[in-house]
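Down below is the structure, laid out as structure tokens.
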Amino acid sequence: MEYKTKNFFSKLKEFLNFSDNIVIISHQNPDGDAISSSLGLFHFLKKKYENKKINIIVPNNFHHFLKWLKKSNEIIIFSENETYSIELIKKANLIFCLDFNSMLRTGDLENLIISSKAKKVLIDHHPSPEIEQFDLILSKESASSASEVLYNFIEILGEKKLIDKNIAECIFTGISSDTNSFSVNSNSLTHKIVSEILEIGVDKEKVQKNLFHSFSFDKMKLTAYVLSEKMKIFPKYNLGLISLSAEEKEKFNFEVGDSENFANLPMSIKDIEISAFFTNYKDFIKISFRSMGNFNANLFARKYFNGGGHKKASGGKSYKNMEETIEDFLFYIKEFLNN
Ligand code: 5GP
Ligand code: MN
């Protein structure tokens, strides 16, 4: 589904006219698309509106494999700068929300944003946005990434000519990241945009190297460990899963983002079409679901694990222990596949 608020362009112009304090926000545990789309918008707005104050705030920190992006050092991490972040959100007259469809996804920022009087503009690609939480919505489920929708946003504003190397690099990085280097969720429109973006002069190999070939030795060893010791296959359901406890993470000096691709690993096995990755966070188990066939990962996560996402990639939470969570998961899979 595509959501575009009626008179999007004129309302956006109006909001931008009266806003001198703008905040860009993305979701908790920000991934490549979250960071790239936010930074891309940041570069764009800075270029177009030299006199406005523009800041990016994310709920918590992000992985070093994204910290090479220009100006990523200016991103404010809420969990590390609470007072300053609160001050900025209170002062904001316009908040851009990138790469999420519900304020719930912003963790500890949720209530602050909801209670803010600022106008809220959503730029996203997740299905079923919480329409009432936003004043303006540009959301395209068929888009590969929020970064692709950001390109559409700039296009709607009639400002494609402002896309320079920095903005192009962000858009390319977000798309590469959410499509797992163009292996999933990219369509001909995505590639058309990428083609235009590359012409602006993105160093494609640099981006790919930073995103996919900059692992620490510990992360590689952790990957080897989960593959050989922690992956379970259930051929009956074309299913593979991996679980990882807090103790195991500690053993491999785990850093945020080190398990980023783990949910996809079982998918490389022939006939596996559903995969899940379970890992302990402080108070809950976070689960990532991936699908390659007809299995709707979004509906499954919503129905059983209080989560959501896309048809082919979703996530949810469990408040039980690991063993019980996996037991529940297998029970639900059986039920879901039989219906
Ligand atoms: P990941 O497994 O990489 O964390 O997330 C995959 C997709 O599912 C992302 O698009 C993300 O936004 C979504 N997602 C992950 N966890 C949750 C969750 O707890 N709730 C919802 N609604 N979406 C989630
Ligand atoms: Mn995304």
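Diffusion coefficient of segment 278-317 by Stokes-Einstein, Kirkwood radius over Cα pairs, 20 °C, 1.002 mPa s: 218 µm²/s. One chain, two ends: residue 338 and residue 182. Fully extended at 0.36 nm per residue, the span grows by 53.0 nm beyond their Cα-Cα distance. Quick check on segment 123-166: what does the Kirkwood estimate of hydrodynamic radius come out to from the alpha carbon pairs, in Å? By the Kirkwood definition, the hydrodynamic radius is 11.3 Å. The distance linking segment 271-339 with segment 210-256 is 17 Å (Cα centroid to Cα centroid, whole angstrom).
Using the Cα atoms of segment 1-75 to build a convex hull, what is its mean projected area in square nanometres? Average projection, Cα convex hull of segment 1-75: 6.0 nm². Adding -39500 (n - 2.57) for every DSSP H run of four residues or longer, then dividing by how many residues the chain holds, sets the calculated 222 nm ellipticity at -12000 deg cm²/dmol. Here is the link list: 209/232; 91/286; 11/206; 4/160. Which ones come out longer than 27 Å on Cα distance? Too far apart for the 27 Å limit: 209/232; 91/286; 11/206. Beta bridges from DSSP with both residues in the chain: antiparallel share about 45 percent, rounded to the nearest 5. Each Lys or Arg adds one and each Asp or Glu subtracts one; over the other residues with Cβ under 12 Å from the Cβ of residue 229, this totals +3.
For segment 2-212, the fraction of C-alpha pairs more than 29 angstrom apart is 16%. Rounded, prolate or oblate: pick one for segment 125-209, where a ≥ b ≥ c are the square roots of the eigenvalues of its C-alpha gyration tensor, a/c under 1.5 means rounded, and failing that, prolate if a/b is larger than b/c, else oblate. In terms of gyration-tensor shape, oblate. Under 21 Å of direct C-alpha separation, and excluding same-chain neighbours fewer than eight residues apart, residue 282 reaches these lysines: 219, 230, 249, 251, 317, 320. The convex hull drawn around the Cα atoms of segment 229-284, when projected onto a plane and averaged over every direction, covers 4.2 nm². Once the gyration tensor of the Cα atoms in segment 217-338 is diagonalised, the equivalent ellipsoid follows with semi-axes of 22, 16, 13 Å, ordered largest first.
Note that the chain presents 47 Å² accessible area per residue, ligands and nucleic acids not counted, probe 1.4 Å.
The values are calculated or read from the model by the stated rules, or taken from the named source; none is laboratory data. Treat the numbers as computed from the prediction; the structure is a model and nothing was measured. All Cβ positions, glycine included, derive from the backbone under ideal geometry; neighbour counts span all protein chains shown. These accessible areas exclude ligands, DNA and RNA; they are computed on the full protein's heavy atoms, side chains included. Shrake-Rupley method; radii C 1.70, N 1.55, O 1.52, S 1.80 Å.
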